[in-house]
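See structure below.
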Amino acid sequence: MAALDNPDVELDILYGINGLADRLPGPVADAVAFLGEYGIPLALVALVCCAWFAVRRRADAAAAVAGLLWAGLAAGIARLVNMPIADFVARPRPFVDHPGELTVLVDGKDGWSFVSDHASAAMAIAAALFLVHRGIGVAALALAACQGFARVFVGVHYPSDVIGGFALGTAVALLLAPAAMAVLTPLVRGAGRTRAFAWLTPRPGTGDDPRLAA
């Protein structure tokens, strides 16, 4: 699409960030590539688990845990929404548009470039987490920003692919949250009352220290 033709400023950013791969020691560049492909997504999942420990005994535990479930679902929905967008825009990867000009640190990326699935999923999780727990949400937003940087660093996305992913993930997480919470909150509340899923929102009187309930 003409609207996505790359202005010089975007190419300058792309080459500047990706050029770091040549200036950094090989093991460091490989570590950044690994983090961008696998490490940061796993860290975001770990933050969701940490948030559960932080909110499971709050007065609004059912709604808070539902919000954490929504974080994971929002990431999946963002990726599903991106499928028709990617096919419609049909933007080649930057290393396809500019062969031999970039250092590509991740193999097997043969899909379309816009928008970045990694960026959209990361931001969907971060935005949803921020609604549940501000402190952990800020940490998740920082990780999402690092995720976007890493996708450009490894040479598989343009900066605007990442910005588009951030916008898509945020939109899915925030715009669909009211409907999702309306469905998930009563489900979590009901599940928490059963023997099998009481651990989701533990209450005082079940072997927990009441002083920890808040």
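The values are calculated or read from the model by the stated rules, or taken from the named source; none is laboratory data. Here the structure is a predicted model, which means the values were calculated and not measured. Methodologically, a virtual Cβ is constructed for each residue, glycine included, from the backbone with ideal geometry; neighbour enumeration extends over all protein chains shown.
Can you find even one residue in segment 171-178 that is surrounded by 22 or more Cβ atoms within 10 Å (Cβ to Cβ) and either assigned to a helix (DSSP H, G or I) or not aromatic (Phe, Trp, Tyr) (or both)? For segment 171-178, residues surrounded by 22 or more Cβ atoms within 10 Å (Cβ to Cβ) and either assigned to a helix (DSSP H, G or I) or not aromatic (Phe, Trp, Tyr) (or both): present.
LEU129: modelled with pLDDT under 95 and not small (Gly, Ala, Ser), yes or no? It is false that LEU129 is modelled with pLDDT under 95 and not small (Gly, Ala, Ser). Pairing each residue of segment 151-176 that is in contact (Cβ under 8 Å) with a residue 24 or more places away in the chain with any residue that is of a type in the set (Gly, Ala, Ser) and in a loop (DSSP other than H, G, I, E, B), provided the two are 6+ apart or on different chains, yields C-beta distances under 7 Å for ARG151/SER116; HIS157/SER113; HIS157/SER116; TYR158/SER113; ASP161/SER113; ASP161/SER116; VAL162/SER116; GLY165/SER116. Close Cβ contacts (under 7 Å, 6 or more residues apart or on different chains) running from residues in segment 11-23 that are within 16 Å of SER113 (Cα to Cα) to residues that are surrounded by 15 or more Cβ atoms within 10 Å (Cβ to Cβ) and of a type in the set (Phe, Trp, Tyr) comprise LEU14/TYR158; ASN18/PHE153. Across segment 78-124, the qualifying residues are those that are among the β-branched types (Val, Ile, Thr) and out of contact with any Gly (no Cβ under 7 Å at 6 or more places or on another chain), and the one among them that is modelled with the lowest pLDDT is VAL106. A single entry from ASP60, ASP30 fulfils the requirement of being closer than 26 Å to LEU176 by Cβ, modelled with pLDDT under 90 and among the acidic types (Asp, Glu): ASP60.
Where helices (runs of 4 or more DSSP H) fall wholly inside segment 1-97, the ranges with 3 or more residues that are over 14 Å from LEU129 (Cβ atoms) are 8-18, 20-23, 26-34, 61-89, 94-97. With respect to the conditions (1) closer than 25 Å to ALA54 by Cβ; (2) surrounded by fewer than 24 Cβ atoms within 10 Å (Cβ to Cβ); (3) not aromatic (Phe, Trp, Tyr), ALA140 lacks only one, and its number is (2).
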